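One structure is given here, and the rest of the page talks about it.
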Amino acid sequence: MARLVLTNANLLDGDAPAQANRVVVVEGERIANVSDAPPSDVTAHDRVVDLGGRTVMPGMITCHYHSTYRELGSVPAPYGLEHPPAYQVLIAAENLRMALECGFTGAIGAGCSNDIDASMKRAIDDGLIPGPRFVPSGHELSTTGHANDANPWYWDLREWGAARCCDSADEFRAAVRDEVKRGVEMVKLFVTGGHGVMAPKSRMEMTRDELDAAVDAAHARGARVRGHIVNKPAILAAIEAGVDVIDHADEMDDECIERMVGAGSFVAPSCFLPTVILEAMGASTLGFAASMRAELDRMLEVLPKANAAGVKLVVGDDYGAVGFPHGRYANELEVYVRDAGIAPLDVLRWATVHGAELTGRGHEVGRVAPGYLADLLVVAGDPSRDITVLQDRDNLVAIIKGGQLFKDTLAA
């Protein structure tokens, strides 16, 4: 079998600081070897590329991903019913292709309408469309009066849209089982208001019995659970219930951090959207944004503590919301370096090692090591020194997924 031999590489393996003059050998879909010298048995069939010091790193994973979002909030229609399902499929296919083009070889869903995520995963896996390794989500599960549902009661909507309401532990248990049957691997719960929705952050959407039932039902069927969770009591309840990834966690503090580390909870802080909103608004406010500056500043202050303590932080945000288009994924990494003062190498670890662990494939994805799947980026520049180099797609010299070159300008 012909091999791809990348020599003279600046290696970011997912764990260690940059290592110069390394050689990475790809055979089939996996990394065959990482060493200081090319293999002694190179043949004419092998492709040997001198990278001249360019960086080899793991493909990144965006862990809060809405495949069907496109200018969400700009169309006066019920949430998730802005477009026909077939049109939303095309939006999702374009967004997922874009994620791969931006160097994200993995993505984890955070909610969609019309069961589209599961079909996207199947289409990607079958080679019908290009895209990252995808963990599909589904409807947002919450209770009547769901914080993300502004539709008047008298509309008497019979379609779920992007939300699915449940009002007891038994209803949540049944809904989770049905979502998993439809192909969901990451169940989305709306547990509180706050962080970008009009309902206050103190508002609890679910009881503890409902939360426990949803988590138990998902885990019993091999699915994971994520929750839109902002206030501290809900964060602590989610940790105790076994929610796998806490989205936003705005009121995370020292007690939350300690419990997250003990439980192995993942956190997607998603600070990029509020940063963009505040930059665009200037001195004005948008209802829920009146306290956004203070909440963002507080999160940026606590993130270094969480990072140092060992919380499994991941990247990802509500791309596709109005004024916040898909494709700016790498800009998010800069926010954590520039505004929270976290080392680029640590943020890269969030985007690779931690993301891979959240997918359940940390044993074979997220690192550059022998036996791992060859999900790799070749980058002009060193992101551990200047994380902004990932924002220019021209700096992504090669994008490799499972040993296949999705982008190949290695000879350029």
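Here is how the numbers come out for the structure above:
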read-out: Cα shape, region 258-401, gyration tensor, a/c 1.5 rule; value: oblate
read-out: Label-point separation in nm, ALA369 to THR207, each point 7 Å along Cα→Cβ; value: 4.5 nm
read-out: Nitroxide proxy distance, nm - points 7 Å out along Cα→Cβ at ASP297 and GLU279; value: 1.9 nm
read-out: Carbon/sulfur fraction of accessible area - the chain, other protein chains in place, 1.4 Å, %; value: 51 percent
read-out: Pairwise label distance in nanometres, ASP167 with ASP394, each label 7 Å out on the Cα-Cβ vector; value: 5.8 nm
read-out: Additional length obtainable on full extension of the chain from VAL322 to ASP36, 0.36 nm per residue less Cα span; value: 98.2 nm
read-out: Cα-based equivalent ellipsoid of region 120-201: semi-axis lengths in Å, sorted from largest, via gyration tensor; value: 27, 15, 13
read-out: Under 5 Å, built H, 5+ apart or other chain: amide partners of CYS63; value: ILE108, VAL315, GLY316
read-out: Share antiparallel - DSSP beta bridges, the chain, percent rounded to 5; value: 45 percent
read-out: Residue among PRO17, VAL34, GLY53 farthest towards the positive dipole end of region 1-55, charges placed on Cβ; value: GLY53
read-out: In sequence order, calculated HN-Hα J values of region 91-107 (Karplus, 6.51, -1.76, 1.60; Hz; x Gly/Pro); value: 4, 4, 4, 5, 5, 5, 4, 5, 4, 5, 4, 8, x, 9, 8, x, 8
read-out: Region 10-117 - Rg over Rh from alpha carbon coordinates, Kirkwood radius; value: 1.18
read-out: Table column - 3J(HN,Hα) (Hz), region 44-50, Karplus curve with 6.51, -1.76, 1.60, x for Gly and Pro; value: 5, 7, 6, 9, 10, 10, 7
read-out: Listed residues HIS195, HIS45, HIS83, most fluctuating in the chain (Gaussian network, C-alpha, under 10 Å); value: HIS45
read-out: Note, ³J(HN,Hα) from phi for region 65-81, Karplus 6.51, -1.76, 1.60, rounded to Hz, x at Gly and Pro; value: 10, 9, 5, 9, 6, 8, 6, 4, x, 8, 9, x, 8, x, 4, x, 10
read-out: CYS102 accessible area, 1.4 Å probe, all protein chains in place, Å² to nearest 10; value: 10 Å²
read-out: Global form of region 38-87, assessed from the alpha-carbon gyration tensor, a/c cut-off 1.5; value: prolate
read-out: Dipole magnitude of region 271-394, debye to nearest 20 (Cβ charges: Lys/Arg +1, Asp/Glu -1, about Cα centre); value: 240 debye
read-out: With Cα atoms, 0 to 90° folded angle of helix 292-309 axis to the chain main axis; value: 50 degrees
read-out: Extreme residue, positive dipole direction of the chain, given options PRO136, VAL225, VAL335 (C-beta unit charges); value: PRO136
read-out: The chain - accessible surface per residue (Å², probe 1.4 Å); value: 39 Å²
read-out: The chain - percent relative contact order, Cα under 8 Å, separation 6 or more; value: 20 percent
read-out: Nonlocal Lys pairs with alpha-carbon distance under 27 Å, the chain (8 or more apart, or different chains); value: 16
read-out: Added length on full extension, which subtracts the Cα-Cα distance from 0.36 nm per residue, VAL48 to GLN404; value: 126.6 nm
read-out: Shape category assigned to region 361-412 from the gyration tensor of Cα positions, a/c cut at 1.5; value: oblate
read-out: Degrees separating the helix 169-181 axis from the principal Cα axis of the chain, which is the longest one; value: 30 degrees
read-out: Residues whose placed amide H lies under 5 Å from that of THR105, excluding near-sequence neighbours; value: MET60
read-out: Residue of THR144, THR359, THR192 that the Gaussian network model of the chain assigns the largest fluctuation, springs spanning Cα pairs under 10 Å; value: THR144
read-out: C-alpha long axis of helix 254-263 to longest principal axis of the chain, angle in °; value: 60 degrees
read-out: Highest-MSF residue in the chain out of LEU96, LEU141, LEU81 [GNM, Cα springs under 10 Å]; value: LEU81
read-out: Long-range tail of P(r) for the chain (Cα pairs > 30 Å, %); value: 40 percent
read-out: Among ALA249, LEU376, VAL191 - extreme Cα towards positive end, dipole of the chain, charges at beta-carbon; value: LEU376
read-out: Computed lengthening from ALA2 to ARG221, 0.36 nm per intervening residue step minus Cα-Cα distance; value: 74.9 nm
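The values are calculated or read from the model by the stated rules, or taken from the named source; none is laboratory data. The shown structure was predicted, so the numbers you read here are calculated from the model rather than taken from an experiment. In this analysis, Cβ positions are derived from the backbone assuming ideal geometry, glycine residues included, and neighbour counts consider all displayed protein chains. Just the protein is used for accessible areas: all its heavy atoms, side chains included, with ligands, DNA and RNA removed. Shrake-Rupley method; radii C 1.70, N 1.55, O 1.52, S 1.80 Å.
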